[in-house]
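**Q** Before anything else, here's the structure in question.
The values are calculated or read from the model by the stated rules, or taken from the named source; none is laboratory data. Values in this document were obtained by computation on a predicted structure and should not be read as measured data. Cβ placement follows ideal geometry from the backbone for every residue including glycine, while neighbour counts extend to all protein chains displayed. Note: areas computed on protein heavy atoms with side chains; ligands, DNA, RNA excluded. Shrake-Rupley method; radii C 1.70, N 1.55, O 1.52, S 1.80 Å.
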Amino acid sequence: MMIKLSISDNKKYFVNEGKPFFYLADTIWSAFTNITLEEWSYYLDYRKSQGFNVLQMNLLRQWDASGCTLNYEPFQLCEDGTYDFYSLNEDYFSRAEQMVQMAVDKGFVPALVLLWCNYIPDTWASKIRDDKKMPLDAVEPYVNVVADRFSKFYPIYIVSGDTDFPSQRATEYCETALHVIKERSPECLTTLHIQGRLAELPESFIHDSNLDFYMYQSGHNIQFQSTAYTLAKHFSNQPVTRPVLNSEPCYEMMGYSRQLYGRFSRSDVRKVAWQSVLSGAAAGITYGAHGIWSWHKKGERFGVTGEGFDSPYDWQTALKFEGAWDYGFMKWIFQMYQLAGLKPWDIVLKNTEEIAVATTDDLSKVVVYVPVNTVLKLDADLSHYRFTLIELEQRKIAEVTATVKDNITIIGMHDFTCDVLLIGQKIDEVI
């Protein structure tokens, strides 16, 4: 059955058929240009088995996609080989529509990017690429075609892709696309995918009723991984309350940005995921595997345009990275323990922001993420809670004992060597 998402009454999470919906997305930006239908079918089945329910895809060609022998382009080509943005390639969009239908039939919500930043003048991407930009007067006709073809699937429309807003002209592109798609498709949710580590949105978007939820991305710079939780707090405290999620945390096995040596591990991507959802971005999370987002095939080119990442893995290898199962486990925990609408709780007595704590509105459940083993001290009397500890690498379950002294809850060191999750439930609420 097709999923039609809405927003909860408290504006904190997504709802499907009256029940909380934890947004668990995979990043597959290059789907429509790089993937055969046979590969697509295999990919959908595998991700579905892992619990994913949203797919983030770029409707147009991804500027840093891997090389591909397929020849699918969204627009007709001019004599010089550039896009004629006034002439859409109907065959391309028919094939994309077929792929979306296949995904919806498997139970996925498509999240479709309308305008990646390289198509918009003045953005950070436009300054390092000389590509022809989409004329402003071509935006509305293009978005109308998108609405005609895809809105029947109730997709999420991600208006912008990895964009900043350096000028009024750049903002106007996104405002135009947002208003056109919302007018044509009022039942489809909308958002903006903004540049990594960016905290600022133009005021016009903050107060625009056409925007349904906030996305941020903590991104792939090894020096700035703390933005997983700092941006979660920032966007959850905006003057207009909306659901918040980290739409692009560091990807598993992605090389560090700016051509630095090193790659993000399974534990790295799990850490930013839990820090995000417990720091104010509890509506969901997005996973990424280096080799899936660009749909890389061994032997094909992969450039360093953009942020300069090391080579991807072949997509068949990247699809099996273990971190995807960790993200599916997170969704299971949210559903099992009914954690929709978690809000941060600043009670950690430690000289770190790395430990994250959140609670349900009624305080019936407390969730603590501890990335590195330590004696945990919490500035609250939690003597009326029973705690369960979940070791997140192998998903082992242990019981723990908390003691309370002078209204400070103390939980001693556990016996595991990786990150853990502590779930406290009021004794009369224990499942």
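**Q** At a threshold of 8 angstrom on Cα-Cα distance, excluding pairs fewer than six apart, so keeping six or more, what relative contact order does the range 247-350 reach in percent?
**A** Relative CO of the range 247-350 lands at 32 percent.
**Q** Quick check: the angle from helix 37-49's long axis to the longest principal axis of the chain, C-alpha only, nearest 10 degrees?
**A** 10
**Q** Looking at the square roots a ≥ b ≥ c of the eigenvalues of the Cα gyration tensor of the range 96-144, which shape do they give, rounded for a/c under 1.5, prolate if a/b is larger than b/c, or oblate?
**A** Prolate is the answer for the range 96-144, as a/c is 1.5 or above and a/b outweighs b/c.
**Q** Helix-only estimate, please: 222 nm mean residue ellipticity of the chain, summing -39500 (n - 2.57) across DSSP H runs of length 4 or more and dividing by its residues, to the nearest 500.
**A** Computed ellipticity for the chain at 222 nm equals -7500 deg cm²/dmol.
**Q** Within the set of other residues whose C-beta is less than 15 Å from the C-beta of PRO135, count the net charge using Lys and Arg as +1 and Asp and Glu as -1.
**A** Charge balance near PRO135 sits at -3.
**Q** Determine the distance separating the Cα centre of the range 18-45 from the Cα centre of the range 209-238; give it in Å without decimals.
**A** The two parts, judged by their Cα centres, are 23 Å apart.
**Q** A further question on this structure: Take every DSSP beta bridge whose two residues both sit in the range 11-148, then give the antiparallel share in percent to the nearest 5.
**A** Bridges in the range 11-148 are about 45 percent antiparallel.
**Q** Okay, next question. Go ahead and set up a Gaussian network model of the chain, Cα springs under 10 Å, then flag whichever of ASN373, ASN407, ASN351 fluctuates most.
**A** The residue with the greatest mean-square fluctuation here is ASN351.
**Q** Before I look further, what does the chain give for accessible area per residue, probe 1.4 Å, in whole square angstrom?
**A** Accessible surface, normalised per residue, equals 40 Å².
**Q** Sticking with this structure for a sec: Would you mind checking which residues have amide H under 5 Å from LEU198's amide H? H placed 1.01 Å from N; only 5 or more apart, or other chain.
**A** GLN217
**Q** Turning to a different aspect of this structure: Can you spot the aspartates and glutamates whose alpha carbon is less than 20 Å from LYS377's alpha carbon? Ignore those fewer than 8 places along the same chain.
**A** Here the aspartates and glutamates satisfying the reach criterion relative to LYS377 are ASP346, GLU353, GLU354, GLU391, GLU399, ASP406, ASP415, ASP419.
**Q** Another one. Pop out the carbon and sulfur fraction of the accessible area of the chain as a percent, whole number, probe 1.4 Å.
**A** 47
**Q** Below 13 angstrom from the Cβ of ALA324, what's the summed charge of the other residues (Lys, Arg +1; Asp, Glu -1)?
**A** Its environment carries a net charge of +2.
**Q** Count charges around LYS297 for me, please; just the other residues with Cβ under 12 Å from its Cβ, Lys/Arg as +1, Asp/Glu as -1.
**A** Spelling it out: positives minus negatives among the neighbours equals -1.
**Q** Follow-up question, since we're still on this one. Could you tell me the relative contact order of the chain? Use alpha-carbon pairs under 8 Å, at least six residues apart, and round to a whole percent.
**A** After rounding, I find 14 percent.
**Q** Let me ask something else about it. Restricting everything to alpha-carbon atoms, can you work out Rg to Rh for the chain with a Kirkwood hydrodynamic radius?
**A** When Rh is taken as the Kirkwood radius, the ratio is 0.97.
**Q** Next question, about the same structure. Please work out the Kirkwood hydrodynamic radius for the range 216-305, using every pair of different C-alpha atoms, and report it in angstroms with one decimal place.
**A** In the range 216-305 this quantity evaluates to 13.7 Å.
**Q** Take every DSSP beta bridge with both residues inside the chain and express the antiparallel ones as a percent of the total, to the nearest 5.
**A** Beta bridges within the chain, antiparallel portion: roughly 60 percent.
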